[in-house]
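Chemist: Here it is, the structure, as C-alpha cells.
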Amino acid sequence: MSAAEATGAGLAATPATAGPGTAGPGTAGRVPSPLAGWFRLLGSELRLILLRIRNLILLAVLAAIPVIIGIAVWAQGGPSGGGGPAFLAQLAGNGIFLAFLSLTVLLTLVLPLVVAVVSGDSIAGEASHGTLRYLLAVPAGRMRLLGVKYAAIVIFCVIACLVVAGVGLITGVALFGTGPVTLLSGTSVSLNDGLLRLLLVTLYVAAGMAALGAIGLAISTLTEHPIAAIAAILVITVASEVTDQVSQFAVVHPYLPTHWWLSFDGLLRSPVDWTEAGQGLASFCIYAVIFCLFAWARLATADVTS
C-alpha cells in the first residue's frame, strides 16, 4: 500500500474510531469537563435528598417547632425571667430573637437527628439498596462520590438551619414585632445589622452540623444498614452532650464535637467577639477534615460487592 493509500485509509477510518468529543465539526477537540460532571452528580444527589418524603417531613418538623415556640411564649405574655438562653429576655422586645431561640432549642436534639438521618443514609443507604457498586464503577469514582456526598450533606445542613432561622424570624416578627435590635452587650443596632448577625449565627450552627455530618458520613462507610449508622450518630451526639455537662470531664470538654455548638453569643455583642466562635469554627473544621479523611480511607480500600 502506498503512502497516499495509507493516508486515505486512515482518514476513512477516523470517523468510525473517533470519540464523542470529535463527533462533528462543532465539537472537534471538546473534552467533557470533570467539574461539569461533578456538578451534575451533586445536582442529582441534592434532588435525591431534597425530594425524599422522609427528609421533607423532617424539614417540615423543623419549620413547625419555631412556630410552636413562638406561640407558646406569646400565649404566656412573653418570656418569663430566670433560666434559658441569654437572649430569651430580649424576645418580647424584638421578634428577631425567636430565630436565635429556635436555633438554640433545636440544637439540643432535633437538628442533630435530621443531620444524622441524611448523613447516616449517605453511603450505607446506597450499600443497602445495592447501588453503591454501580456508583463506584466510574474510574476514580470513589473520591468523587465521597466529595459529592459530603457537599450535599453540607448544603442540606445549611438549608435546614436556614429553614429554622427563617421561620423563626417570620413568626417572631408576626408575634412580637421588630425594630432596632438590642444586643446582649446592651448596644442597639439597626434591623439590618441584626439580620446580618442572625445570618452569621445561622451559618455558624450550620458549620457545627456539617461537622456532625462528616462524622455521620464516616460511620456510614462502616455499615450497610442506615438505621445502625443513624443510631450510632445519635448515640455519639447524646454521649457528647452528657459528657459536656459533667464537670469531672472538664479537661475533655473543648475536644467534644458538641461543646462549641452554642458558642455564638459573641456574635450578638458589639463589637463582635470571635474568641469562642473562632475556636468553635476551628473545632468544626478539624472534625470535618479528620472524619472525611477517615471516610475516604475506608471507602478507598473497601471491597464493595453489594
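Each value in this text was obtained by applying a stated rule to the coordinates, not by laboratory testing. Since the structure is predicted, the reported quantities are computational estimates derived from the model, not experimental observations. Cβ: placed from backbone, ideal geometry, glycine included. Neighbour counts: every protein chain shown.
Chemist: Give the order of Met209, Met143 when sorted by the count of other beta carbons within 10 angstrom, beginning with the fewest. Walk me through the intermediate numbers first.
Modeler: Details: Met209 27, Met143 11.
The most exposed by this proxy come first: Met143, Met209.
Chemist: If you don't mind, there's one more thing I want to ask. Take each of the peptides 67-76, 286-295, average the number of other beta-carbon atoms within 10 Å over its residues, and list them starting from the highest. Show your work: numbers first, answer last.
Modeler: Working: 67-76: 15.3, 286-295: 17.5.
Listed from highest to lowest mean packing, they are 286-295, 67-76.
Chemist: Apply the Karplus parameterisation 6.51 cos²θ - 1.76 cosθ + 1.60, with θ equal to phi minus 60°, to every residue of the range 62-76 and state each ³J(HN,Hα) to the nearest whole Hz, in sequence, with x for glycine and proline.
Modeler: 4, 6, 6, 5, x, 5, 5, 4, x, 5, 5, 5, 5, 5, 8
Chemist: How do Thr182, Thr202 line up, fewest other C-beta atoms within 10 Å first?
Modeler: Working: Thr182 18, Thr202 23.
In increasing order of surrounding Cβ atoms, one gets Thr182, Thr202.
Chemist: With a bin width of 5 angstrom, please list the P(r) values of the range 208-306 as percents of all Cα-Cα pairs, from the 0 bin to the one holding the largest distance.
Modeler: For the range 208-306, the pair-distance distribution reads 2, 13, 18, 20, 18, 13, 8, 5, 3, 1, 0, 0.
Chemist: What does the charge count near Ser188 come to, summing +1 for each Lys or Arg and -1 for each Asp or Glu among other residues with Cβ under 14 Å from its Cβ?
Modeler: Working: positive: Arg197, Arg269; negative: Asp193.
Summing Lys/Arg as +1 and Asp/Glu as -1 gives +1.
Chemist: Shape call for the range 132-230 from the C-alpha gyration tensor, a ≥ b ≥ c root eigenvalues: rounded (a/c under 1.5), prolate (a/b greater than b/c) or oblate? Could you put the intermediate results ahead of the total?
Modeler: Values: a/c = 3.39, a/b = 3.00, b/c = 1.13.
Prolate, since a/c reaches 1.5 and a/b exceeds b/c.
Chemist: By average Cβ neighbour count within 10 Å, what is the ranking of 57-65, 147-155 from highest down? Present the calculation step by step, with values, prior to reporting the outcome.
Modeler: Values: 57-65: 15.7, 147-155: 20.9.
My ranking of the peptides, most packed first, is 147-155, 57-65.
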